[in-house]
Structure formats: structure tokens, C-alpha cells
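What follows is a set of notes on a single structure, which appears directly below.
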Amino acid sequence: MYTLYGFPFSQHSRRVVSLLEETGLEYEFKNVDMMNGEHMSPTYLEINPNHQVPTLIADNVKIHESNAILRYLCSKHDLEAWYPQDADQRAAVDQWLDWIQCRLSPAVLGIVLNKVFMGEDADQDAIKQGQEKMVELSPLLEKTFADSQFLCGARPTIADLALVSNIFHLGLADELPTGESTGRWYKAMLEMDGVKKSLPEM
Ligand SMILES: N[C@@H](CCC(=O)N[C@@H](CS)C(=O)NCC(=O)O)C(=O)O
């Protein structure tokens, strides 16, 4: 039985929830109320000194970093379909996970943080930079989904779960990547039970 500390409006938390739900692994979700600063409380800082969600706790391990948690769960439970053992196939999943974290996510965060959560303190430059980056990155996704049903082939992997958590986040700011094939992929991802269960109540 896992304990997952997270927050439904955190895209990094949602990707872990969606894997746990998709695979039926047992877990207890502990809500860290970020709107009220609970992630900065001494109690939570003991759990994760980086003051970030998610954090996963199992019998012998405590892990932060959402993608590390996804990889851990897959390795621990032999979730081959979600994170292949084969080196070539695994490299493709890892490549997308890193691309999402390093290239896409900063743009998404810049837009959503400032358009949705910062009110009058919003940094308009960060929104503009994020939007410009999305104009650059959206065609890369569109080309990928024109050739392939999911990021790494005919079925979703943890890379798709990481991506959909970002794209849903972008949707909070009324922005989505352009492209018919990307739209088809997004619709298919939103129909997955685990993804549905990871979404915040709105
Ligand atoms: N690289 C981390 C990022 C986690 C992250 O940025 N979490 C945000 C919520 S989506 C957070 O907790 N922010 C609070 C803070 O940084 O103080 C991961 O992938 O888990």
C-alpha cells in the first residue's frame, strides 16, 4: 500500500495518480493543500524538503520527482507495457519523459501559473514566452501523433501520462496545442479511467 502526497491541481501529482489508478495499485492519497501553503509546513517539509508534490511513500522508500516515481512503480511491479524493458523501447519513453520535463513543462508552467493563479501579479512576459515556446513545440507533437497513435507506438506509456497531465494543465489557461492528430490523442487520453480519476474537481 502506497501513500501519495499530492494536490489535484498539480500536474506532477496527476500523472502519478493516473498510473496508480490505471494499474490498480493500492494507495492512499494525502491532499497537500497548496492553496493554503501546506507544502511549506514543517510537517510536509519533513516529508519532502523541496516543498513540492508529489511524494510517494512505500514501506522502505520515500521518493519525490514525478517521473522518478512513475519509473519506480513500473520497475517495482513489472509494468512492462507502461515502461518497456527493451533498451530501445525504453529509451524512446525516457526521451519523451525528459523532453516533457525540460522543454514542454517550463512553457506550460509559465503560462498557467501566470494566467490562472497569479492574478494581478501575473508576469505577462512569462506568458508570452510560454506561448512562443508552444508555437515551436506543438508541431513536433502534431508530427509525432500524425505518425503514431501514442507517443511511443500503439499503446500509451508513462510518457503519455506525463504529457496529458501537462496538456490538461495548459487547458486550465484555455490554451491547447494545435493540430488534429494531437487533438485525437488528447481525446483518447481523457477517456482513460485513470486519467479521468486524476483530474481535479472543477
Ligand atoms: N520536478 C518535480 C516538480 C514538482 C513540482 O513542481 N510540483 C509543484 C506542483 S505542480 C509544487 O509542488 N510546487 C511548490 C513549490 O515548488 O514550492 C516533479 O516532477 O515532481
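The values are calculated or read from the model by the stated rules, or taken from the named source; none is laboratory data. On a predicted model such as this, the values are computed, not experimentally measured, just so you know. Neighbour counts are summed over all protein chains in view; Cβ atoms, including those assigned to glycine, are modelled from backbone coordinates with ideal geometry. Side chains included, ligands, DNA and RNA excluded: accessible areas come from the protein's heavy atoms. Shrake-Rupley method; radii C 1.70, N 1.55, O 1.52, S 1.80 Å.
Structure notes:
- Radius 13 Å from Cβ of Lys197, net charge of other residues (Lys, Arg +1; Asp, Glu -1): -2
- Taking label positions 7 Å along the Cα-Cβ direction at both Leu176 and Glu191, the computed distance is 1.4 nm, reported to one decimal.
- Considering only alpha-carbon pairs that sit under 8 angstrom and 6 or more positions apart, the relative contact order computed for the chain is 27 percent.
- Accessible-area ranking of Asp147, Asp94, largest first, probe 1.4 Å: Asp147, Asp94
- Region 68-177: C-alpha pair distances exceeding 21 Å, %: 40 percent
- Compared with the rule-of-thumb size 2.2 N^0.38 Å for a compact globular protein, the chain has a Cα radius of gyration ratio of 1.00.
- Relative packing of 22-30, 126-134, which averages over residues the other C-beta atoms within 10 Å, highest first: 126-134, 22-30
- Spacing of the two label points (7 Å from each Cα toward its C-beta) at Arg184 and Gln149, in nm: 1.1 nm
- Surface composition of the chain: carbon and sulfur make up 51 percent of the accessible area, probe 1.4 Å.
- Karplus 3J(HN,Hα) series, Hz, for region 178-187 with 6.51 cos²θ - 1.76 cosθ + 1.60 (x for Gly, Pro): 7, x, 5, 5, 5, x, 4, 4, 4, 4
- 1.4 Å probe accessible area per residue over the chain, in Å²: 51 Å²
- FRET efficiency, Ala92 to Ala68 (Cβ-Cβ, R0 22 Å, nearest 0.05): 0.75
- Karplus-derived HN-Hα couplings along region 121-133 (A = 6.51, B = -1.76, C = 1.60, θ = phi - 60°), whole Hz, x at Gly and Pro: 8, 4, 8, 5, 5, 5, 5, 5, 4, x, 5, 5, 5
- Summary of packing: across the peptides 148-155, 13-20, the per-residue average of other C-beta atoms within 10 Å ranks them, highest first, as 13-20, 148-155.
- Label-zone membership for region 63-103, site Thr3, 7 angstrom Cα→C-beta point, backbone N under 17 Å: 63-65
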